[in-house]
């Protein structure tokens, strides 16, 4: 029977004690990170389109700069 750890610090210690992460897991994590970044960029750029000129001025952007950024595709930084 396996012993279950209950404290988060114990979980971290267990994970860091592992020598290697399986290749498939490493790839899955990297893909998840990339997809998360892309989704965040898309949401941010869509939200940027909705800002008023006053709000854009508050964040230091002109309407032209905001429009240019909003038109960029999500996989471009």
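Computed from the coordinates by the stated procedures, all read-outs in this text should not be read as laboratory data. Everything numeric here is computed off the predicted structure, so don't read it as measured data. Neighbour counts are summed over all protein chains in view; Cβ atoms, including those assigned to glycine, are modelled from backbone coordinates with ideal geometry.
Computed quantities for the displayed model
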{"item": "Gyration tensor (alpha-carbon) shape descriptor, region 24-77, a/c threshold 1.5", "result": "prolate"}
{"item": "Spin-label proximity, residue 37 to region 47-77 - amide N less than 15 Å from point 7 Å beyond Cα toward beta carbon", "result": "73-77"}
{"item": "Ranked by how many other beta carbons lie within 10 Å on average, peptides 46-55, 61-70 from highest", "result": "61-70, 46-55"}
